[in-house]
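Below is one structure, written out as structure tokens; comments come after it.
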Amino acid sequence: MAKRSNKVLQMQKYLFGFVGVVVVVVVGYALTTILAEAPGGEFVEGTHYQLIEEPRRIRGNKTEVMEFFSYTCIHCFNFDPLLNDWKQSHADDANVVRTPTVSGEAWRLFGQTYYTLQALDILEENHGRFFSEIHQRGRTFRSMEEIADWFDSQGATREQFLTTFNSSAVLRRTANADALGRQLKISGIPSLVINGKYLVGINREVGARRMLEVADYLINMENKTSTPATQ
């Protein structure tokens, strides 16, 4: 009985020892992975953001933060109030620019709508309202006529909307947005382009809120780079 008890105790020691090694390995791997992804609390190129191969030249004193979105995208709808709050808190150091994604015919319809609202000077009061109509009320818009009907009496008449929707200025802006999205290789939305140099999108490591944290990090990095060193 004593020998049997000793064997049981010895097996338990081996078992606990093995489990302890496994725990150390797993925890060590997790810590190593976390440190590799964000050494010193910083964000890492290739994981949290991408360098843009053909960067855009940005003019002005503020860092440009360009959002690519679509009114049909539920993730863009959820991200919009977060971006609005962030925009207000960064009024002094960031210039937020929205650019609709128009890579397909369905998205082109809504991208053209965005520029129509902008041209009619009714974008600010209708941007969130139009988003909500689609994602909270489940409204489906299949044509510019249906959209024009909805915007009738929302700051413009149906005729004004359709005329502006088909104007050369709106068509040109829509084509430019398409070309810009292709140049910057936007493959998912919502996405942020920081100062024309860095692309931040949602992935396994970066959620909607963290996109704005990465934007903060990149803006600070840009400010340090552009600020001349004092003697």
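Looking at N195, N126 in this structure, which one is within 30 Å of F43 (Cα to Cα) and either touching a residue at least 12 places away in the same chain (Cβ under 8 Å) or assigned by TED's automatic domain parsing to the domain that holds P81 (or both)?
N195
Please give the number of the condition N220 fails out of (1) at pLDDT below 95; (2) under 13 Å from Y49 (Cα atoms).
Of the numbered conditions (1) at pLDDT below 95; (2) under 13 Å from Y49 (Cα atoms), the odd one out for N220 is (2).
I'm checking my understanding of the structure. Among residues of region 142-172 that are of a type in the set (A, V, I, L, M) and more than 16 Å from V102 (Cβ to Cβ), which one is modelled with the lowest pLDDT?
A156
Can you tell me which of (1) outside the structural domain of N78 (by TED's automatic domain parsing); (2) modelled with pLDDT of 90 or more is the one Q231 doesn't meet?
(2)
Can you work out which of the residues in region 203-217 that are assigned to a helix (DSSP H, G or I) and of a type in the set (K, R) is nearest to L51 (Cα to Cα)?
R210
Restricting the search to region 83-109, which residues are touching a residue at least 60 places away in the same chain (Cβ under 8 Å), aliphatic (A, V, I, L, M) and under 18 Å from G188 (Cα atoms)?
Result: L83, V102.
When region 150-174 is examined, which residues are found to be more than 12 Å from Q112 (Cα to Cα) and exposed (fewer than 13 other Cβ atoms within 10 Å of the Cβ)?
S153, E159
What is the one condition in (1) without any contact (Cβ under 8 Å) to a residue 60 or more places away in the chain; (2) outside the structural domain of S168 (by TED's automatic domain parsing); (3) among the aromatic types (F, W, Y) that F43 does not satisfy?
F43 satisfies every listed condition except (1).
Within region 93-108, is there a residue that is of a type in the set (A, V, I, L, M, F, W, C), out of contact with any helix residue (DSSP H, G or I) (no Cβ under 6 Å at 6 or more places or on another chain) and either part of a loop (DSSP other than H, G, I, E, B) or outside the structural domain of F165 (by TED's automatic domain parsing) (or both)?
Within region 93-108, none of the residues are of a type in the set (A, V, I, L, M, F, W, C), out of contact with any helix residue (DSSP H, G or I) (no Cβ under 6 Å at 6 or more places or on another chain) and either part of a loop (DSSP other than H, G, I, E, B) or outside the structural domain of F165 (by TED's automatic domain parsing) (or both).
Tell me which residues, restricted to region 48-62, are at pLDDT below 95 and surrounded by 10 or more Cβ atoms within 10 Å (Cβ to Cβ).
Selection gives P55, R56, I58, K62.
Can you pull out the helices (runs of 4 or more DSSP H) entirely within region 141-202 that have at least 2 residues that are more than 14 Å from M66 (Cβ to Cβ) and under 28 Å from the mean Cα position of the chain (by Cα)?
Filter on region 141-202 gives 144-151, 168-183.
Failed condition for R137, given (1) buried (at least 17 other Cβ atoms within 10 Å of the Cβ); (2) among the charged types (D, E, K, R); (3) more than 30 Å from E222 (Cα to Cα), with all others met?
(1)
The values are calculated or read from the model by the stated rules, or taken from the named source; none is laboratory data. Quick caveat: nothing in here was measured; it's all calculated off a predicted structure. Note that each Cβ is placed from the backbone with ideal geometry, even for glycine, and that neighbours are counted across all protein chains shown.
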